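Structure first, then comments.
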Amino acid sequence: MTVTRSQIAAALGRYLDARPERAGDVEALAQALDDGGGPDLASRQTLPLHVTASAAAIDDLGRVLMIRHRKLRRWLLPVRAPGA
C-alpha cells in the first residue's frame, strides 16, 4: 500500500496539532510536502528524507510483538517503507 502526499500531510498536521512545539523538528518534511511536484516521499530512494511507518501490536496482557533481526541480533518493532 502506497502512502500518498495528502496522507503524509494529514498525519503531519495531526502531529503538529498535538505537538506544535515540535514544528522545527519536522520543518524539512513540511517543506518537502509544500513542494507539490517534488519527489515521492514514500520511496526509500528519496533522499535526504523519506517516510517510513512502524506499528506496535500490543495484546491485552501488554506484550509487544517484536521481530528478531538476524544480522543486528536485536529485537525490533516491525518497520516497513510504505509501498515496499
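The values are calculated or read from the model by the stated rules, or taken from the named source; none is laboratory data. Bear in mind that the values here come from a model prediction, so they are computed numbers and not experimental data. Using ideal geometry, Cβ is built from the backbone for each residue, glycine included, and neighbour counts are taken over all protein chains shown.
Things to note:
- Residues located in the stretch 26-56, provided they are hydrophobic (A, V, I, L, M, F, W, C) and either part of a helix (DSSP H, G or I) or at pLDDT 90 or above (or both): V26, A28, L29, A30, A32, L33
- Selection from the stretch 1-25 of residues that are exposed (fewer than 13 other Cβ atoms within 10 Å of the Cβ), at pLDDT below 90 and in a helix (DSSP H, G or I): S6
- If you go through the stretch 49-76 and keep only what is loosely packed, with under 11 Cβ neighbours inside 10 Å, under 14 Å from the mean Cα position of the chain (by Cα) and not small (G, A, S), you end up with nothing.
- Unmet criterion (only one of (1) in a loop (DSSP other than H, G, I, E, B); (2) in contact with a strand residue (DSSP E or B) (Cβ under 7 Å, 6 or more places away or on another chain)) for R68: (1)
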